[in-house]
Amino acid sequence: MNVLRSCKKRLSVCLLLRMCLLLSLLCVCVHVYMELEGLRLQKQTSHHRISTTATDAASDTGSTCCSVLKHHRRIPKWKIELEPWAAETGSLQEEADRFLRYISTPQVSCERPASVPPVFDAEHHGSWVLCLDRRFSLAQRIASKHCRVYSLRLGAENETLERLLAGSGCEVHCFDPSIRRAHLQDANMWIHRLSVDWRDPNPAVPIQRLHSGTKKLAAILNHFGHRQVDVLKVDLESAEWKILENLILEQVLDSIGLVLLELHLHWAGFEVGGDEPSVVRYWFSLLKELERSHFRLYHSYSDPSKPRLFLHRNFQNASSSFILGWVNTQFMPQG
């Protein structure tokens, strides 16, 4: 009887061990299956993301006939990325030296083709110099009378370049809040009583109290149905920094072929805060964002008639006013 009980006990233990072994094997199989299934789903997700990215890229670089329908709306940035300090000390002298050296050193040269009329030489339109090199598109756009020009200004101190381009067949739009009538037209030149701002209009201020309409450049382009501008001239008496920042944040720069920019260095500029070294670092960072957007400095003009002031002091006997020309090396005209 004892032998029988012992055999039954051993049999029960063997069965229990076999059950445990089978359950363990089953758990291993389930785990392996889940791992393989997870890898498969991950590959499918990655493939879907790559396909979506490729579709978006194709939309951005598609043919001009379908570009309006396939335009990819990008998310604006909240702020620009500041460049590292010029030196660990963060001194004004180091920041000023770096900034002045940067704006005084052209990155590309622009040669005027022999086929371009002499009227486009610099002496005919002062310090606002165009880049008419055949490597870029502006000379061909002017010759075919398909160019579009935006001029942002406060008062018409010098509109020689605008009138020259309008007389050459370009479509020229000047935005000037100081004119009395809402719109003026002279041949191919339109003057709009509109202030270009870096902020949206304040809804608390009635329109009747505003001297003129106020819009950001992206909203103006959308209002007129203009997808591209061949030349953007900015002469806004110290508002240029915040305007440039807005163009960067709203990613408008890839729609512009050439930027002519007057800088005013005697003070920080409208709504530019921080101590003096931080201001210059901010200026430098904005211009480096231009460079990251495929713009290259081709023209630098230091106005000898302006005071030698840099943030209310003299640095390197530099003028308080510079005119810079930047060409978009990857600008692809449409239409």
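The values are calculated or read from the model by the stated rules, or taken from the named source; none is laboratory data. As the structure is a computational prediction, the values presented were derived from the model and not from experiment. Cβ sites come from the backbone with ideal geometry, for glycine too, and all protein chains shown count toward neighbours. The protein model used for the area step is the full one, side chains on, heavy atoms only, and it has no ligands, DNA or RNA in it. Shrake-Rupley method; radii C 1.70, N 1.55, O 1.52, S 1.80 Å.
To keep it simple, each residue is scored yes or no on (1) over 29 Å from residue 213 (Cβ atoms); (2) of a type in the set (Val, Ile, Thr); (3) modelled with pLDDT of 75 or more.
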| residue | (1), (2), (3) |
| --- | --- |
| 76 | no, no, no |
| 95 | yes, no, yes |
| 121 | yes, no, no |
| 129 | yes, yes, yes |
| 136 | yes, no, yes |
| 139 | yes, no, yes |
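Against the definition (within 16 Å of the chain's Cα centre (by Cα) and farther than 19 Å from residue 137 by Cβ), how does residue 316 come out, yes or no?
no
I'd like to check something: does segment 255-270 contain any residue that is aromatic (Phe, Trp, Tyr) and touching a helix residue (DSSP H, G or I) at 6+ places or on another chain (Cβ under 8 Å)? Step through it out loud before you land on a result.
Keep residues of segment 255-270 that are aromatic (Phe, Trp, Tyr), which gives 267, 270.
Cutting the leftovers down to touching a helix residue (DSSP H, G or I) at 6+ places or on another chain (Cβ under 8 Å) gives us 270.
Yes, because at least one residue in segment 255-270 is aromatic (Phe, Trp, Tyr) and touching a helix residue (DSSP H, G or I) at 6+ places or on another chain (Cβ under 8 Å).
Conditions tested, residue by residue: (1) farther than 25 Å from residue 137 by Cα; (2) not charged (D, E, K, R).
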residue	(1), (2)
248	no, yes
270	yes, yes
276	yes, no
288	no, no
293	no, yes
304	yes, yes
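Could you grab the pairs with beta carbons closer than 6 Å, sequence gap of 6+ or different chains, first residue in segment 89-105 and open to solvent by 40 Å² or more (accessible area, probe 1.4 Å), second one at pLDDT 95 or above and among the hydroxyl-bearing types (Ser, Thr, Tyr)?
Sorted first by the residue in segment 89-105, then by its partner, the pairs are 104/300.
Quick one: how many residues across segment 140-185 are open to solvent by 10 Å² or more (accessible area, probe 1.4 Å) and within 24 Å of residue 111 (Cβ to Cβ)?
13
Pairs please, first residue from segment 283-302 and on the phi > 0 side of the Ramachandran plot, second anywhere and among the polar types (S, T, N, Q), Cβ atoms under 6 Å, 6+ apart in sequence or on different chains.
294/328; 294/329; 294/330
Give me the pairs, please: first residue somewhere in segment 185-205 and within 22 Å of residue 269 (Cβ to Cβ) and modelled with pLDDT of 80 or more, second residue anywhere and aromatic (Phe, Trp, Tyr) and part of a strand (DSSP E or B), beta-carbon distance under 8 Å, and either six or more positions apart or on two chains.
If the second residue must be aromatic (Phe, Trp, Tyr) and part of a strand (DSSP E or B), the pairs left are 194/175; 195/175; 196/175.
For the subset of segment 258-299 comprising residues that are farther than 30 Å from residue 132 by Cα, part of a loop (DSSP other than H, G, I, E, B) and not hydrophobic (A, V, I, L, M, F, W, C), which member is most open to solvent (accessible area, probe 1.4 Å)?
271
Go through segment 301-317 and give me each residue that's within 21 Å of residue 94 (Cα to Cα) and open to solvent by less than 70 Å² (accessible area, probe 1.4 Å).
302, 309, 310, 311, 315
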